[in-house]
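Undergrad: What follows is a structure written as structure tokens; I'll ask about it next.
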Amino acid sequence: MTNIWNRLRHEPWIWSFLAAIGVWLATIAYTGGQGAGEILTAALSFATFSIIVGLGQMMVITTGPGNVDLSIPATITLAGVVAMKVMDTDSARLLLGIGAALGASFLVGVFNYGLIRLLRIPPIIATLSSSFLVLSTAISYGRGIRIKPPLPLDSFATMRILGIPLAAVFVLVLSIVLAIVIKRTLYGRAVVAIGQNPRAAWLAGINVNRTRFMTYVLSALLAGVCGILLSGFSGGAALNMGEEFLLASIAVVVIGGTSVAGGRASVPGIWGAALFMYLLVTMLNTFGASAGVRLIMTGVIIITVIVLAGGETQSK
């Protein structure tokens, strides 16, 4: 056990899981053990959406300093609106709606990288600027009409098997695939190499521009997947449905142990961080903390987790 712990404590993602377990135990201790299972199920349900966008943001951030996708909330909204409008509650149009939503998301990714590459706009400015255009498009296309999702999408997004959300199982498979892509494919290794040293990666024969293009498109597509599932989960698309994921998509990446300097990704850490973020809010609400106290405690605890993970990584 000592050897296992010695290995695990040097993994930056372990601290997000320890933090999640800690706040969950504190919550159920306060409630006398009541609702322990329900809290975990709810955490899996709501954390699923942060995990999806966190995976995309993780890939972008891994490509190096300054790379971040701030258009994720707007892309979520656009994908949800397009999916619901095209499906129009008709189950027969389910695949058509999914395809249309992912197609729109793909175009957002292309547009983002076009601003970065062709106009030489810094990624943080380019994606923030594009988010206004994307959201405006969603507002214009949706026209404020909330359309319910078709039954198959609603069932998939809300169904639970033995208390485990089906959507969480889907995202787990997606996470495993992405982890394999990072570790075992040329594209994944190129992303990590570019984040560590883009010039060295270029000299080694890696097409830096193509890899970054693929990464921004991947982030947009994952935001689109989140928008589709979130529309099914919440009973339709809303124009503010992506707002909470702007900071959340970055927070789960940082807390999960991905290096903000690039060159190191942590897929397991996204899960731990997303669960931790939800369970932390649940714990503070259970304790009856005021809004101000919740914000202060959330900030202090998140900083503590980041420091622990960062300190262990540096001492490795």
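The values are calculated or read from the model by the stated rules, or taken from the named source; none is laboratory data. The structure displayed is predicted, hence computed values, not measured ones. Note that each Cβ is placed from the backbone with ideal geometry, even for glycine, and that neighbours are counted across all protein chains shown.
Undergrad: On the given criteria, is Gly205 among the small types (Gly, Ala, Ser) and in contact with a helix residue (DSSP H, G or I) (Cβ under 6 Å, 6 or more places away or on another chain)?
TA: no
Undergrad: Let me ask another. Just one of (1) in a helix (DSSP H, G or I); (2) in contact (Cβ under 8 Å) with a residue 24 or more places away in the chain trips up Leu247, so point out which.
TA: (2)
Undergrad: Cβ-Cβ under 7 Å, sequence separation 6+ or interchain: first residue in region 68-89 and free of Cβ contacts under 8 Å to residues at least 60 places away in the same chain, partner charged (D, E, K, R) and surrounded by fewer than 24 Cβ atoms within 10 Å (Cβ to Cβ). Which pairs?
TA: From region 68-89, the pairs are Val86/Arg93.
Undergrad: Right, something else. Could you identify the single residue in Leu221, Leu229 that is touching a residue at least 40 places away in the same chain (Cβ under 8 Å), crowded, with 24+ Cβ neighbours inside 10 Å and under 18 Å from the mean Cα position of the chain (by Cα)?
TA: Leu229
Undergrad: Counting only residues that are modelled with pLDDT of 90 or more and among the aromatic types (Phe, Trp, Tyr), how many does region 18-37 have?
TA: Of the residues in region 18-37, 1 are modelled with pLDDT of 90 or more and among the aromatic types (Phe, Trp, Tyr).
Undergrad: Only one of Leu279, Leu275 is of a type outside the set (Gly, Ala, Ser), farther than 14 Å from Trp13 by Cα and part of a helix (DSSP H, G or I). Can you tell me which?
TA: Sole residue among the options that is of a type outside the set (Gly, Ala, Ser), farther than 14 Å from Trp13 by Cα and part of a helix (DSSP H, G or I): Leu279.
Undergrad: Does Ala201 satisfy the condition of being over 18 Å from Ala47 (Cα atoms) and under 21 Å from the mean Cα position of the chain (by Cα)?
TA: no
Undergrad: Say whether the condition of being of a type outside the set (Phe, Trp, Tyr), touching a Phe, Trp or Tyr at 6+ places or on another chain (Cβ under 7 Å) and touching a residue at least 40 places away in the same chain (Cβ under 8 Å) is met by at least one residue in region 200-211.
TA: Yes, because at least one residue in region 200-211 is of a type outside the set (Phe, Trp, Tyr), touching a Phe, Trp or Tyr at 6+ places or on another chain (Cβ under 7 Å) and touching a residue at least 40 places away in the same chain (Cβ under 8 Å).
Undergrad: Within region 32-42, identify whether any single residue is in contact with a helix residue (DSSP H, G or I) (Cβ under 7 Å, 6 or more places away or on another chain), surrounded by fewer than 16 Cβ atoms within 10 Å (Cβ to Cβ) and in a helix (DSSP H, G or I), and answer yes or no.
TA: Looking for residues that are in contact with a helix residue (DSSP H, G or I) (Cβ under 7 Å, 6 or more places away or on another chain), surrounded by fewer than 16 Cβ atoms within 10 Å (Cβ to Cβ) and in a helix (DSSP H, G or I), one finds at least one in region 32-42, hence yes.
Undergrad: Considering only residues that are surrounded by 15 or more Cβ atoms within 10 Å (Cβ to Cβ), more than 12 Å from Ala19 (Cα to Cα) and among the aliphatic types (A, V, I, L, M), which ones fall in region 287-306?
TA: Those that are surrounded by 15 or more Cβ atoms within 10 Å (Cβ to Cβ), more than 12 Å from Ala19 (Cα to Cα) and among the aliphatic types (A, V, I, L, M): Ala289, Met297.
Undergrad: State yes or no: is Val60 part of a helix (DSSP H, G or I), among the β-branched types (Val, Ile, Thr) and under 30 Å from Phe17 (Cβ atoms)?
TA: For Val60, the condition - part of a helix (DSSP H, G or I), among the β-branched types (Val, Ile, Thr) and under 30 Å from Phe17 (Cβ atoms) - is met.
Undergrad: Residues Leu96, Leu102: which one is under 23 Å from Arg212 (Cα atoms) and either in contact (Cβ under 8 Å) with a residue 12 or more places away in the chain or not β-branched (Val, Ile, Thr) (or both)?
TA: One residue alone meets the criteria, Leu102.
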